[in-house]
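The values are calculated or read from the model by the stated rules, or taken from the named source; none is laboratory data. It should be emphasised that the depicted structure is a prediction, and the values quoted were computed from it without experimental measurement. Cβ sites come from the backbone with ideal geometry, for glycine too, and all protein chains shown count toward neighbours.
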Amino acid sequence: MNYKIVELQEKTVVGISARTSNSSPEMPFDFKKEFKSLYQPKTAPELIIVPPITYAAVRGEGDPNEEGGAYKSAIGVLYGILYTIKMSKRGEHSIDGYFDFVVPPLEGFWDNIDYSHKERFKWISVLRLPDFVTEEVFEWAKEEAARKKKIDCSSAEMLTIDEGLCVQGMHIGNYDSEPQTVAAMDAFLVENGYANDFTDKRLHHEIYISDPNKCSEEKRKTIIRHPIVTI
């Protein structure tokens, strides 16, 4: 089979003057449009080298569908922090290097995956952070989100993940049918001399392109990405 590895050269956005060609100074920076290899893969499996990316992250375990559970609470914390950073442009708190941005899609790194026992899932829920977010900015955003939204943000952390060589594909359908896409990815690896390389640092990765509240299950788009190694 003929294929190519997409080696992504990360773009560093320092300010409005450094916007890439896909953005105008009047438009918020959109990670999905600027990094198409990361956020708009084909349905068929493909290889990609992913650079280090820094996220706002919350770790936990349990069934992600549980109402009022830890997973849904974590998502509330992440969005609270990201929107606090985004909307700082309207407040008195000045952030060096700030540029407006579209809040990136929710992502998750998953371990102990057994669809028959979702209560055993271990996960790290994440939202990508713009480059201008420092530890100081992040701690301010946590405190501000906690104060304004009356939520506990103490579990949130800045987390940099270097995925490196991976296989990825776009899954279309409900989350419980993901094993079908994973099976196609595994077959692609065998055919091309690669193998999955799961460790406690290299995990099953999902990127939720579709909003489940606005999209029917059969049309949901979820990127699935697995760490791999040459064999």
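Applying the criterion of being among the charged types (D, E, K, R) and assigned to a loop (DSSP other than H, G, I, E, B) to the residues of segment 100-129, the residue that is surrounded by the fewest Cβ atoms within 10 Å (Cβ to Cβ) is D114.
Taking first residues from segment 39-65 that are surrounded by fewer than 14 Cβ atoms within 10 Å (Cβ to Cβ) and partners that are hydroxyl-bearing (S, T, Y), the Cβ contacts under 6 Å between residues at least 6 apart in sequence or on separate chains come to P52/T160.
Does A70 count as within 22 Å of E135 (Cα to Cα) and modelled with pLDDT of 95 or more?
no
The combined condition, being surrounded by fewer than 19 Cβ atoms within 10 Å (Cβ to Cβ), at pLDDT 95 or above, farther than 27 Å from H171 by Cα and in contact with a helix residue (DSSP H, G or I) (Cβ under 6 Å, 6 or more places away or on another chain), is not fulfilled by I81.
Could you please find all residues in segment 107-120 being at pLDDT below 95 and either of a type in the set (F, W, Y) or within 21 Å of I81 (Cβ to Cβ) (or both)? Answer for segment 107-120, where residues must be at pLDDT below 95 and either of a type in the set (F, W, Y) or within 21 Å of I81 (Cβ to Cβ) (or both): just Y115. Anything in segment 30-60 that is charged (D, E, K, R), at pLDDT 95 or above, within 28 Å of A184 (Cβ to Cβ) and outside any helix (DSSP H, G or I)? List them, or say none. Of everything in segment 30-60, just one residue is charged (D, E, K, R), at pLDDT 95 or above, within 28 Å of A184 (Cβ to Cβ) and outside any helix (DSSP H, G or I), namely E46.
Condition (residue is over 25 Å from R202 (Cβ atoms), surrounded by 16 or more Cβ atoms within 10 Å (Cβ to Cβ), at pLDDT 95 or above and in contact with a Lys or Arg (Cβ under 6 Å, 6 or more places away or on another chain)) applied to segment 84-92: is it met by at least one residue? No, segment 84-92 contains no residue that is over 25 Å from R202 (Cβ atoms), surrounded by 16 or more Cβ atoms within 10 Å (Cβ to Cβ), at pLDDT 95 or above and in contact with a Lys or Arg (Cβ under 6 Å, 6 or more places away or on another chain). When we screen S116, S94, S155, S125 for residues that are among the polar types (S, T, N, Q), free of Cβ contacts under 8 Å to residues at least 12 places away in the same chain and closer than 21 Å to Y71 by Cα, the only hit is S116.
Could you tell me whether segment 181-199 includes any residue that is free of Cβ contacts under 8 Å to residues at least 60 places away in the same chain and closer than 30 Å to F99 by Cβ? Taking every residue of segment 181-199 in turn, none turns out to be free of Cβ contacts under 8 Å to residues at least 60 places away in the same chain and closer than 30 Å to F99 by Cβ.
Exactly one residue out of G97, G80 is closer than 20 Å to F29 by Cα, small (G, A, S) and in a loop (DSSP other than H, G, I, E, B): that is G97.
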